[in-house]
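Peer 1: Submitted below is the structure of interest, expressed as structure tokens.
The values are calculated or read from the model by the stated rules, or taken from the named source; none is laboratory data. Not measured: the values here are computed from a predicted model. Cβ coordinates were reconstructed from backbone atoms using ideal geometry, including for glycine residues, and neighbour counts include every protein chain displayed. Heads up: the accessible areas ignore ligands, DNA and RNA and are worked out on the full protein's heavy atoms, side chains in. Shrake-Rupley method; radii C 1.70, N 1.55, O 1.52, S 1.80 Å.
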Amino acid sequence: MTREQQEAARAGLLEERGRAAGEKALSELYALRRHLKDCELRPVPEERQPWRPIARAFIDDAELAVRLMPNAREVQSRITDAAGLITETLVIGREEAREMTDPEHRTHISRCLAGTLEAIEALSAFMRGDPLPEPGRLLRGHIAQIQQPTSPS
């Protein structure tokens with residue numbers, strides 16, 4: 001096998017692995033979307049409990065799969081930002097969650113769904129070879145918040 005053939009074979013293998021990782025990430029994101037949709041109304045179904053850790057596992061698995069995609073720095077960054085928005089929304093105290101009103105719960109789920117849809121859209125565009133869509137309002141706000149320099153204490 002010539003050097004060029006070896007490089008072509010390696011590039012093909014990387015592309016194949018990247019596509020498989022992207023498909024895995026999309027699968028996890030769609031599972032997260034279905035999970036969140038099932039948790040919109042209270043009481044959250046028993047089979048979806050504990051719903052926050054289950055949601056975190058889906059987004060963590062999606063983020064990990066995207067990290068395995070070669071030549072995907074831009075979409076990896078976008079998925080990381082969306083995962084940050086979702087995780088930040090999910091991380092609340094048990095007591096705070098219990099005291100949430102139904103409208104607050106729905107808003108909480110809506111923020112997670114918005115981040116999930118942002119990730120799905122960005123990854124889908126990347127997998128099709130299209131330019132990534134512009135981040136939505138919630139994700140732009142989250143990105144701006146995490147990019148603000150912290151004031152010295």
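Peer 1: Could you check, for region 60-80, whether at least one of its residues is free of Cβ contacts under 8 Å to residues at least 12 places away in the same chain, open to solvent by less than 100 Å² (accessible area, probe 1.4 Å) and not hydrophobic (A, V, I, L, M, F, W, C)?
Peer 2: yes
Peer 1: Can you tell me which residue in region 1-50 is farthest from LEU113 (Cα to Cα), limited to those that are without any contact (Cβ under 8 Å) to a residue 24 or more places away in the chain and open to solvent by less than 30 Å² (accessible area, probe 1.4 Å)?
Peer 2: VAL44
Peer 1: Please go through region 108-122 and give me each residue that is open to solvent by less than 20 Å² (accessible area, probe 1.4 Å) and closer than 14 Å to GLU134 by Cα, ordered by number.
Peer 2: Passing the criteria: GLY115, ALA119, ILE120, ALA122.
Peer 1: Within region 38-51, how many residues are charged (D, E, K, R) and farther than 15 Å from THR107 by Cβ?
Peer 2: Here the count works out to 4.
Peer 1: Looking for whichever is farther than 25 Å from GLN147 by Cα and among the hydrophobic types (A, V, I, L, M, F, W, C) here; the options are ALA83, ALA20. Which one fits?
Peer 2: ALA20
Peer 1: For ARG128, state whether it is modelled with pLDDT of 90 or more, under 17 Å from PHE58 (Cβ atoms) and over 10 Å from the mean Cα position of the chain (by Cα).
Peer 2: Answer is no for this residue.
Peer 1: Which condition number does SER77 fail, the rest of (1) in contact with a helix residue (DSSP H, G or I) (Cβ under 9 Å, 6 or more places away or on another chain); (2) within 21 Å of GLY136 (Cβ to Cβ); (3) part of a helix (DSSP H, G or I) being met?
Peer 2: Checking SER77 against (1) in contact with a helix residue (DSSP H, G or I) (Cβ under 9 Å, 6 or more places away or on another chain); (2) within 21 Å of GLY136 (Cβ to Cβ); (3) part of a helix (DSSP H, G or I), the one that fails is (1).
Peer 1: Say whether the condition of being closer than 23 Å to ASP60 by Cα, at pLDDT 90 or above and charged (D, E, K, R) is met by at least one residue in region 138-151.
Peer 2: no
Peer 1: Need pairs with beta-carbon distance below 9 Å; first residue surrounded by 16 or more Cβ atoms within 10 Å (Cβ to Cβ) and within region 128-146, second in a loop (DSSP other than H, G, I, E, B); sequence gap 6+ or separate chains.
Peer 2: HIS142/PRO135; ILE143/PRO135
Peer 1: Give the residues of region 81-104 that are part of a helix (DSSP H, G or I) and without any contact (Cβ under 8 Å) to a residue 12 or more places away in the chain, sorted by residue number.
Peer 2: Listed by number, the residues that qualify are ARG94, GLU95, GLU96, ARG98, GLU99, PRO103, GLU104.
Peer 1: Which of the following residues is of a type in the set (A, V, I, L, M), touching a Lys or Arg at 6+ places or on another chain (Cβ under 9 Å) and part of a loop (DSSP other than H, G, I, E, B): LEU132, LEU138, LEU113?
Peer 2: LEU132
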